[in-house]
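These notes are about the structure you will find just below.
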Amino acid sequence: MSQVNPFEERMFPAIEFRDVYLYYDDKKVLDGISFTVRKGETKIILGRSGGGKSTIIKLVLGLIKPDSGRILIDGEDITDYTEPEMMRVRQKIGMVFQEGALFDSLSVYDNVAYKLHEQGLPEEIVEEEVRKMLRFVDLEDAIDKMPSQLSGGMRRRVGIARALVGHPEIVLFDEPTAGLDPPTARTICELVVKLRDLENVSSIFVTHEMQNIEYLSSEYAVINEKGEVVFEKEGEKLCLINTEIMILREGKIIFSGKDEQLKKAATTDPYIRRFLHGR
Amino acid sequence: MSFLQQGLYELQELTLLTFRAFYRLRKKPRYFREVIQQIDIIGVGSTPIILLTGFFTGAVLVLQSFQILAYYGAQSQVGRMVTFSLFRELGPVLAGLMVAGRIGSAITAELGSMVVSQQIDAMRALGTDPVKKLVAPRIIALLVALPLLTVVANVSGIIGGGITSKYIFNLDTTVFISSVLDAITTKNIIVTLVKPFFFGLIIGSVACYKGLGTTGGTVGVGISTTRSVVLSSIVIIIADFFLTRALQNILGIDF
Ligand SMILES: Nc1ncnc2c1ncn2[C@@H]1O[C@H](COP(=O)(O)OP(=O)(O)O)[C@@H](O)[C@H]1O
Ligand SMILES: [Mg+2]
């Protein structure tokens, strides 16, 4: 096969929703949602709680099915896939759940190692990968603990480590920073930026916090001369094009664009202003 | 939806879940370790209560019926009577109901809390089929363990009956044992193994179905656990009637 130009590749949609509707009983939760997440792009989803953000993420994973509309992953229409067919697609997606959703009968080690154990890999390889992932989220000390012994933030970080095992091309974050202290929240955002800029991971990032949007849409990661990862702010040198924001209201997308456009929209649209500034 | 429709719908979903659990086993992975682990939890874990309940059931059978048998001069047949009742009826049903209460409830509660804490979703997101990893091993373990537990209940009941007839009614032990051996026929053995096989299927399917269908947070877990135990107990007792009739037709109604 011919080599794909990385710039061209970035134009491919990793996730695509086409006019998706979803009802729970009689309640319309998604009202004709269409959007795409390109390869290497981070899509930030904002919206009131109960607005259908987690629902969108579950649809991407095929955990629930839409009532109408199509959903494509890497150009592959997964809408009508059966559960066994979905299993193959899910191999390339990592998911960070709102509350961590750790298996509480398994230790931190076994939680993070879950996917690798399922693949039947030899234990030395598993251990190396698990330690690497736990170091990544700064939790190597907790390796032998049970989930019930961890704080909320630690559980979330173990959830992130578990989602990133096996280097998924797509990672879905469902409010990964909710209820965490600012430094931990910052660490998680840096992680997302690193995945986006250094590993070309596509992601959906659901959040309520303005600070996260600021980090994600104005900073980028590069490797400096010493080989270290450093974060730089966008400016004259570079304008970030791989992070977009989407606002959901009553099942519809009422805004979609870059952070600059969002700031502009906030001056004219009272709903967006209230959403961003609380009044 | 009317009550009947609801019932039929649940029956359909439950049956589908059970079929899926077996059907998907044709492809790897098959989770043998989980099966062994579940057999250990269900089988070994339930042995003490089965021993205890079996023992006293056998004992009370003798207590209740010895005098009636003696009235007809048939006290030497008390061992046969105990064995017959245990093998054909009380062993399977008793083990079934005890396991429905102890294991069925635990399975529903476990799967139910995994649902409400999104662990099932997480499992699916990580590419594991919960039907294969959680449902199939539990049903298979019950199919293996419940017949064995029934045998344990039978043996323990016979011992209980023997001790009662010896120490309360002064019946000679050899008389008791020889009448017990008379009753251990091929037909009785088939019945005592076939019934719990079906009861195990009922407990496993109902418990997993109710567990995976849990909604409404921790309160929901409590509700589905109760429903699981009630439903599987009722279905066991009803199924017992039809199984008995079917086995009578197949094996012949005589001893
Ligand atoms: N399993 C479910 N059954 C019924 N309603 C649900 C279910 N899951 C979510 N909902 C409803 O769908 C709406 C969207 O939920 P969700 O996507 O979780 O919102 P968000 O993540 O934006 O807070 C909410 O109003 C919620 O009540
Ligand atoms: Mg949510």
Inset, instruction - Could you tell me whether any residue of the stretch B:85-99 is over 14 Å from the mean Cα position of the chain (by Cα) and either farther than 30 Å from A:Leu164 by Cβ or assigned to a helix (DSSP H, G or I) (or both)? - result: yes
Legend entry - Unmet requirement for A:Phe173, which otherwise passes all of (1) in contact (Cβ under 8 Å) with a residue 60 or more places away in the chain; (2) in a helix (DSSP H, G or I): (2)
Inset, instruction - Residues being of a type outside the set (A, V, I, L, M, F, W, C), open to solvent by less than 60 Å² (accessible area, probe 1.4 Å) and without any contact (Cβ under 8 Å) to a residue 60 or more places away in the chain: count how many of those fall in the stretch B:21-54. - result: 1
Inset, instruction - Exactly one condition in (1) buried (at least 22 other Cβ atoms within 10 Å of the Cβ); (2) within 16 Å of ligand 2 (Cβ to nearest atom) is not met by A:Val201; state its number. - result: (2)
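Residues checked against (1) open to solvent by 40 Å² or more (accessible area, probe 1.4 Å); (2) part of a helix (DSSP H, G or I); (3) over 20 Å from A:Pro13 (Cβ atoms):
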site	(1), (2), (3)
A:Leu240	no, no, no
A:Met246	no, no, no
A:Phe255	no, no, no
A:Glu260	yes, yes, yes
A:Lys263	yes, yes, yes
A:Thr267	yes, yes, yes
A:Arg274	yes, yes, yes
A:Arg279	yes, no, yes
Inset, instruction - Check the stretch A:225-246 and report whether any residue there is within 16 Å of ligand 2 (Cβ to nearest atom), closer than 25 Å to A:Thr55 by Cβ and more than 14 Å from every other protein chain (Cβ to nearest Cβ). - result: yes
Legend entry - Test result for B:Thr18, modelled with pLDDT of 95 or more, buried (at least 16 other Cβ atoms within 10 Å of the Cβ), in contact with a helix residue (DSSP H, G or I) (Cβ under 8 Å, 6 or more places away or on another chain) and away from chain A (no Cβ under 14 Å): no
Inset, instruction - Please find, among B:Lys132, B:Lys166, the residue that is part of a helix (DSSP H, G or I) and within 13 Å of another protein chain (Cβ to nearest Cβ). - result: B:Lys132
Inset, instruction - Among what's in the stretch A:96-132 and is assigned to a helix (DSSP H, G or I), facing chain B (nearest Cβ under 8 Å) and among the charged types (D, E, K, R), pick the residue that is farthest from ligand 2 (Cβ to nearest atom). - result: A:Glu118
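Every residue, every condition in (1) within 27 Å of the chain's Cα centre (by Cα); (2) loosely packed, with under 15 Cβ neighbours inside 10 Å; (3) in contact (Cβ under 8 Å) with a residue 12 or more places away in the chain, yes or no:
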residue: B:Ile159; (1), (2), (3): yes, no, yes
residue: B:Gly162; (1), (2), (3): yes, no, yes
residue: B:Phe169; (1), (2), (3): no, no, yes
residue: B:Val175; (1), (2), (3): no, no, yes
residue: B:Asp182; (1), (2), (3): yes, yes, yes
residue: B:Leu193; (1), (2), (3): yes, no, yes
residue: B:Phe198; (1), (2), (3): yes, no, yes
residue: B:Val206; (1), (2), (3): yes, no, yes
Legend entry - Residue ID - nearest to B:Ala153 (Cα to Cα), chosen from residues in the stretch B:55-84 that are open to solvent by 30 Å² or more (accessible area, probe 1.4 Å), of a type in the set (Phe, Trp, Tyr) and in a helix (DSSP H, G or I): B:Phe55
Inset, instruction - Being within 16 Å of ligand 1 (Cβ to nearest atom) and either open to solvent by 40 Å² or more (accessible area, probe 1.4 Å) or part of a loop (DSSP other than H, G, I, E, B) (or both) is the filter; apply it to the stretch A:36-53 and report the residue that is farthest from the other protein chains (Cβ to nearest Cβ). - result: A:Arg48
Inset, instruction - Scan the stretch A:142-173 for residues that are within 16 Å of ligand 2 (Cβ to nearest atom) and over 14 Å from A:Leu102 (Cβ atoms) and jot them down. - result: A:Leu172, A:Phe173
Legend entry - Condition check for A:Gly69: in the same structural domain as A:Gly251 (by TED's automatic domain parsing), buried (at least 17 other Cβ atoms within 10 Å of the Cβ) and in contact with a helix residue (DSSP H, G or I) (Cβ under 8 Å, 6 or more places away or on another chain): no
Legend entry - Residue match in the stretch A:72-95 (condition: open to solvent by less than 10 Å² (accessible area, probe 1.4 Å), within 15 Å of ligand 1 (Cβ to nearest atom) and assigned to a strand (DSSP E or B)): no
Legend entry - Filtered residues of the stretch A:22-35 (kept if in a strand (DSSP E or B), within 13 Å of ligand 1 (Cβ to nearest atom) and open to solvent by 60 Å² or more (accessible area, probe 1.4 Å)): A:Tyr23, A:Tyr24, A:Lys27, A:Lys28
Inset, instruction - Residues being within 14 Å of chain A (Cβ to nearest Cβ) and within 17 Å of B:Ile140 (Cβ to Cβ): count how many of those fall in the stretch B:94-115. - result: 4
Legend entry - Members of the stretch A:144-162 that are buried (at least 18 other Cβ atoms within 10 Å of the Cβ) and farther than 18 Å from A:Gly179 by Cα: A:Ala161, A:Arg162
Legend entry - Hey, A:Gly62 in the same structural domain as A:Ile204 (by TED's automatic domain parsing) and either under 22 Å from A:Val165 (Cβ atoms) or within 13 Å of ligand 1 (Cβ to nearest atom) (or both) or not: yes
Inset, instruction - Look at A:Asp110 and say whether it is without any contact (Cβ under 8 Å) to a residue 40 or more places away in the chain, touching a helix residue (DSSP H, G or I) at 6+ places or on another chain (Cβ under 8 Å), away from ligand 1 (no atom under 16 Å from the Cβ) and not assigned by TED's automatic domain parsing to the domain that holds A:Glu16. - result: yes
Inset, instruction - For the stretch B:116-129, state whether one or more residues are more than 8 Å from chain A (Cβ to nearest Cβ), surrounded by 20 or more Cβ atoms within 10 Å (Cβ to Cβ) and more than 22 Å from B:Gly91 (Cβ to Cβ). - result: yes
Inset, instruction - Identify, by number, the condition in (1) assigned to a loop (DSSP other than H, G, I, E, B); (2) within 13 Å of the chain's Cα centre (by Cα); (3) of a type outside the set (D, E, K, R) that A:Gly179 doesn't meet. - result: (2)
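The values are calculated or read from the model by the stated rules, or taken from the named source; none is laboratory data. Computed from a prediction, not measured in an experiment: that's the story for all the values here. Heads up, the Cβs are rebuilt from the backbone with ideal geometry, glycines too, and the neighbour counts pull from every protein chain shown. Remember, those area values only see protein heavy atoms, side chains included, never the ligands or the DNA or RNA. Shrake-Rupley method; radii C 1.70, N 1.55, O 1.52, S 1.80 Å.
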